[in-house]
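Colleague: One structure coming up, written as structure tokens, with questions to follow.
Rule-based calculations on the coordinates, nothing more; no lab input. What you are looking at is a predicted structure, and each value in this text was computed from that prediction instead of being measured. We place every Cβ from the backbone using ideal geometry, glycine too, and count neighbours over all the protein chains shown.
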There are 4 protein chains.
Amino acid sequence: MDYQAVLEEVAAYARSYVGHGQVADYIPALEKVPTDRFGIALADINGEVYGVGDWEVPFSVQSISKTFSLALVMANDSEDIWKRVGREPSGTPFNSLVQLEWENGVPRNPFINAGALVVTDRLQTLTGDASTTMLHFLREESGNPDLAFDQAVADSEAEHGDRNAALAHFMASFGNLENPVPSVIEHYFWQCSIEMSCRDLAAAGGFLARHGLRADGSRLLEAREAKRINAVMLTCGTYDAAGEFAYRVGLPAKSGVGGGIVAVVPGRCTLCVWSPGLDSRGNSVAGAAALDHFTSLTGWSVF
Amino acid sequence: MDYQAVLEEVAAYARSYVGHGQVADYIPALEKVPTDRFGIALADINGEVYGVGDWEVPFSVQSISKTFSLALVMANDSEDIWKRVGREPSGTPFNSLVQLEWENGVPRNPFINAGALVVTDRLQTLTGDASTTMLHFLREESGNPDLAFDQAVADSEAEHGDRNAALAHFMASFGNLENPVPSVIEHYFWQCSIEMSCRDLAAAGGFLARHGLRADGSRLLEAREAKRINAVMLTCGTYDAAGEFAYRVGLPAKSGVGGGIVAVVPGRCTLCVWSPGLDSRGNSVAGAAALDHFTSLTGWSVF
Amino acid sequence: MDYQAVLEEVAAYARSYVGHGQVADYIPALEKVPTDRFGIALADINGEVYGVGDWEVPFSVQSISKTFSLALVMANDSEDIWKRVGREPSGTPFNSLVQLEWENGVPRNPFINAGALVVTDRLQTLTGDASTTMLHFLREESGNPDLAFDQAVADSEAEHGDRNAALAHFMASFGNLENPVPSVIEHYFWQCSIEMSCRDLAAAGGFLARHGLRADGSRLLEAREAKRINAVMLTCGTYDAAGEFAYRVGLPAKSGVGGGIVAVVPGRCTLCVWSPGLDSRGNSVAGAAALDHFTSLTGWSVF
Amino acid sequence: MDYQAVLEEVAAYARSYVGHGQVADYIPALEKVPTDRFGIALADINGEVYGVGDWEVPFSVQSISKTFSLALVMANDSEDIWKRVGREPSGTPFNSLVQLEWENGVPRNPFINAGALVVTDRLQTLTGDASTTMLHFLREESGNPDLAFDQAVADSEAEHGDRNAALAHFMASFGNLENPVPSVIEHYFWQCSIEMSCRDLAAAGGFLARHGLRADGSRLLEAREAKRINAVMLTCGTYDAAGEFAYRVGLPAKSGVGGGIVAVVPGRCTLCVWSPGLDSRGNSVAGAAALDHFTSLTGWSVF
């Protein structure tokens, strides 16, 4: 398949959606991104990367980092993490706290904030420095040694981080954190603040398409573990729109409020699309349209 | 592919799971089913049906009927039903009532009871006799003119139907029912009580694999509508185990507490597996194991 | 104390509040009441009744009936009813269904609708005709043989009764009803529809001030049982404004959306005030102001 | 009335309840208190204090401190605090977080932990040192200059304080805290850790019986403000047993998990009873029995 041609057709299609939606404004550092940006990149399983538009412009990965922290924990603990976090969709957003109380401090899945805090907590225990571990991993997988945290974003998150602190303390009250709350939160915010381009993210997510193999051919995850992450992405990766995403795109995907979405075609390729305008559920409007068109063109949807 | 051979290998694999789990006991009529039953059938898109074990023994379809009522409503209304019911996973079971109150009487998806009541209500409006309409449809699609309601089951459901009546009245209080509550509930129970075999169900669900075409080649649904139903099955079709099912099976599927599961490989075939022992989430233990093994053998999982 | 003079001063004070608030409009039959009405009556423990303004104009008792059904059940069962309904405040209104699910079908107190349905159910079991039993009791206690149901109101309630039917079926699903749901609901609506004046209600509630003695001197309740009802009125009798009422009025009271409020000064007298304009919590604006002024004048508040 | 004789009769009656119930064990520092202790004290409005049993033994005031922080805030802000915290009962304990989310970070009343944190936050803003302010106030009102914090208790609370930290951060995320979370929590724990005897507490709570006048005759609160606090105590002061307390005792009261209960007879006296065994709702078993008997003997119940 001529990936470059496909991406160009996808980008042409998505163009009319660019600028729609709202840029995330819950922290000042994200508000400033221009809404007219759009980029898309595809990394095939041999590591070849194709791209169109603003595919080399860095943006804030935000919740996309949740995929990588989960992978890094599973690389060490395999399926043990599921004792501390579920892997089922969570229903509506309000559930975060209600659900935690009902289910004794065990979050529904690793892609809601509460669940990602548990995963980060575990990564912190395993490595002693969860955020730096992730940064190094992303540098190696993307082949980009310049990846860095965005301190302004991390600080801004911390300044507006009371909701996440509430979640963390609440789970701690149920005994579901191993490290002190401030440390867990800090590493969580640093992870979210990493700046990467579509190119970087498509490459870094390659192990999900390669059934667990890293860029250098070494094994990060067993095939069934990579499959597990893909399954969680499909059912839980796009906030409260997983059903809609499964229908429209039909691929495992993880979105972030920075406007990025990483999607996986297992055995074939990893994509990353970026455009900052978000729909009411926090997913990139033009990004979702682009992935929708991609699976229509390639026939690689599940359905 | 030699479907018969595949099914035999699947059945051999699943054998060790047969008898595990609990038979549904919330109504007396379901308790009596012997736990050692196991059947599996596969209908290819040409209507050829293969089967192994108790694949011709009728059982109570229960919630599998929710797939057919949704299809029959979409055949007439296309996507209009989504104004009255969502299409996102619902989180934990307890949500049923909490979620309805929070979201003003709009159920999260058509496969939780509240959502299926709305769909049945709409089918009743469209046809004047929702349950008979479904029975006739299933007779035609399965090619089995002997399909019938099980009055003992329907009566038993009605006798223990206060929870469903509460859901229906609650939605009516929000103006989300078009017909009188007793009529909606009655047709809902009749639909659940239909007795079908694996053979019948695999054949009757063929339109989901044929992108909306019925057994006689006529069009029931547009391709995108069939895709929509498959997507809802994948994310919401197996109660509170959709994430686990996506991982293990990776196919759109709808289960019932009678022990049946219908699964779809779009463009290829529809399967139905049956074994009455249920896991804690209400899905057939041996049935899930069989589908898991089927996708391992065929490589037709999503991931 | 010169009760007539006190009532006149109270009425003069309350006059400026008359017409404020909204008339209940959830059923058409209640909407038509003119907002400029105000009446107040006081029955001393000897049965002497004083009144001012529209104190002899009948209005719909609505939730005030919950006090009488509770008394009639306790007269037979004493404290047994507390196995099926709690006696603590319920917090916010939304709790109705959430709380029922959480607490396995046991309502928080007998003055929320769910709790009153349980009490009516029990009264139906005890008497075979809950609403007629109450009507006869109220005729005797008020000395007014003309008291009657208002069929238009009862029909209107039934027509808009899905929320109450949901509550009743939900409790039935937990085994917390003894009679068929339609029968319980019907008697509940009939009870609410009884028309009484301030004069009738002050007289009929006399047993609460007389520590359980009826108008004819016979004993309806033990003193501690009457005390129990008064305590539940103080903490739960005015919907979600019990704290505010305790502060302003400091007396056991039960309000109804017809605009009536019955209040008790144990050992001294029973009051009933009526004015149809309701505040946002469903309590009569002018009625609350009148009771507030009454306790200021008499010093009979708790605090 | 011969208060000393009344207290002796009350103590004799309560004796058989001493040792019943469980000592609070959520923090180690409270577990060590012997269960066989019982003391009761009464301060009349002239400041005369009577006592029986262990009435001069200090214990941890815990939630009783919530009454004093509320009074100190109202002394400055009058009724303004109600913009940030409600004054209605909260229903079941689980509500804490659910209710906060539903009602946008505004706690239901100042006597649940969330509400007390808001009050402490305000006191901290007003004084710059909320806990020391309270300690000095209590020393002056009790006439006991030796009152002190118990550092072991405060440390123990902080060590097990994740639930309170979650509440505080959650409210901060809604903008309902003025000070940094750690500072609010710290002062809250210090307040709870103050050690006082029945004698000290009965004397210190005298202003509630004196309609707002302090021990030295100066005015702390307007009469209506003192009335307001008493009303909140009656409807919300005993955790999820306010309805039961209103029935049995019929007086404004505030309990703490240290086993103390302060009760007020407005215009007459303030009582404090202490016995460490708690019932399932966190109220002293022997303490409640004692107050019940006190109102029976004196006839000073509401009902």
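Colleague: Quick one: of D:Lys32/D:Lys66; D:Lys66/D:Lys254; C:Lys83/C:Lys254; A:Lys66/B:Lys254; C:Lys254/D:Lys83; C:Lys66/D:Lys227, which pairs are farther than 20 Å apart, Cα to Cα?
Modeller: Among D:Lys32/D:Lys66; D:Lys66/D:Lys254; C:Lys83/C:Lys254; A:Lys66/B:Lys254; C:Lys254/D:Lys83; C:Lys66/D:Lys227, the Cα-Cα distance tops 20 Å for D:Lys32/D:Lys66; C:Lys83/C:Lys254; A:Lys66/B:Lys254; C:Lys254/D:Lys83; C:Lys66/D:Lys227.
Colleague: Sorted from shortest, what are the nm distances separating the label point of D:Ala223 from equivalent points in the other copies, each placed 7 Å from Cα along Cα to C-beta?
Modeller: Output for D:Ala223: 3.1, 8.4, 8.6 nm, nearest copy listed first.
Colleague: Further question: Per-residue Cβ counts within 10 Å, from other chains only, averaged over C:153-162: what number is that?
Modeller: Taking the mean over all residues of the peptide, I get 2.
Colleague: How far apart are the C:Glu31 label points across copies, placing each 7 Å from Cα toward Cβ, in nm, shortest first?
Modeller: 4.4, 5.0, 6.3
Colleague: A further question on this structure: Of C:Pro89, C:Pro58, C:Pro180, which is the most mobile in a GNM of chain C whose springs link Cα atoms less than 10 angstrom apart?
Modeller: Sorting by GNM fluctuation, first place goes to C:Pro180.
Colleague: Need the C-alpha centroid separation for segment A:211-254 versus segment D:130-207, integer Å.
Modeller: What the calculation gives is 49 Å, centre to centre.
Colleague: Along the charge dipole of chain D, which of D:Val285, D:Val6, D:Thr127 sits closest to the positive end, that is, farthest toward it, with unit charges on the beta carbon of Lys, Arg, Asp and Glu (+1, +1, -1, -1)?
Modeller: Of the listed residues, the answer is D:Val6.
Colleague: How long are the semi-axes of the equivalent ellipsoid of the protein assembly as shown, defined as square roots of 5 times the Cα gyration tensor eigenvalues? Whole Å, largest first.
Modeller: 58, 40, 26
Colleague: In peptide D:171-180, what is the residue-averaged number of other protein chain Cβ atoms found within 10 Å of each Cβ?
Modeller: For this peptide, the per-residue mean of nearby foreign Cβ atoms is 2.
Colleague: If you don't mind, there's one more thing I want to ask. If you place +1 on the Cβ of every Lys and Arg and -1 on the Cβ of every Asp and Glu, how big does the dipole about the Cα centre of the protein assembly as shown come out, in debye to the nearest 20?
Modeller: Around 0 debye, computed over the protein assembly as shown.
Colleague: Taking Cα pairs under 8 Å and at least six residues apart, what relative contact order does chain B come out at, in percent?
Modeller: Reported as a whole number, the value is 28 percent.
Colleague: Taking R0 as 41 Å, what FRET efficiency do you get between A:Glu8 and A:Asn104 from their Cβ-Cβ distance, rounded to the nearest 0.05?
Modeller: Approximately 0.20, to the nearest 0.05.
Colleague: Which net charge results when you count Lys and Arg as +1 and Asp and Glu as -1 among the other residues whose beta-carbon is under 10 Å from that of D:Ala172?
Modeller: The answer is -2.
Colleague: Taking only C-alpha pairs under 8 Å that are 6+ residues apart, what is the relative contact order of segment A:186-303 in percent?
Modeller: 22
Colleague: If you don't mind, another one. Return the FRET efficiency for the residue pair B:His136, B:Lys83: r is the Cβ-Cβ distance, R0 is 30 Å, and the value is rounded to the nearest 0.05.
Modeller: That gives a FRET efficiency of 0.65.
Colleague: With +1 on the Cβ of every Lys and Arg and -1 on the Cβ of every Asp and Glu, and nothing else charged, how large is the dipole of segment D:153-290 about its Cα centre, in debye rounded to the nearest 20?
Modeller: Result for segment D:153-290 is approximately 820 debye, rounded to the nearest 20.
Colleague: Could you tally the net charge around A:Gly91, taking each other residue with its Cβ under 11 Å from the Cβ of A:Gly91, Lys/Arg +1 and Asp/Glu -1?
Modeller: Around A:Gly91, the surrounding residues sum to -3.
Colleague: Find out how many positive minus negative residues lie around C:Ala246, taking Lys and Arg as positive, Asp and Glu as negative, among other residues whose Cβ is under 12 Å from that of C:Ala246.
Modeller: Residues near C:Ala246 contribute +1 overall.
Colleague: Taking C-beta distances below 4.7 angstrom as the pairing criterion, name the unpartnered cysteines of the protein assembly as shown, in sequence order.
Modeller: A:Cys192, A:Cys236, A:Cys269, B:Cys192, B:Cys236, B:Cys269, C:Cys192, C:Cys236, C:Cys269, D:Cys192, D:Cys236, D:Cys269
Colleague: Across the residues of A:100-113, average count of Cβ atoms on other protein chains within 10 Å?
Modeller: The shielding value for this peptide is 2.
Colleague: Oh, and also: For chain C, modelled as a GNM with alpha-carbon contacts under 10 angstrom, which of C:Tyr188, C:Tyr247, C:Tyr17 fluctuates the most?
Modeller: Result for chain C, Cα springs under 10 Å: C:Tyr247 fluctuates most.
Colleague: Taking chain B as a Gaussian network, Cα atoms linked when under 10 Å apart, which of B:Asn176, B:Asn104, B:Asn113 shows the biggest mean-square fluctuation?
Modeller: Greatest mean-square fluctuation among the candidates belongs to B:Asn104.
Colleague: Next up: Which distances, in nm and shortest first, link the D:Glu178 label point to the same label point in every other copy, taking 7 Å along Cα→Cβ?
Modeller: Label-point distances to the other copies, shortest first: 4.3, 5.6, 5.7 nm.
Colleague: Given charges of +1 on the Cβ of Lys and Arg and -1 on the Cβ of Asp and Glu, with all other atoms neutral, how large is the dipole of segment B:3-298 about its Cα centre, in debye to the nearest 20?
Modeller: 780
Colleague: Let me ask something else. Using the eigenvalues of the Cα gyration tensor, what equivalent ellipsoid semi-axes result for chain B when each is taken as the square root of five times the eigenvalue, whole Å, largest first?
Modeller: Those come to 28, 21, 18 Å.
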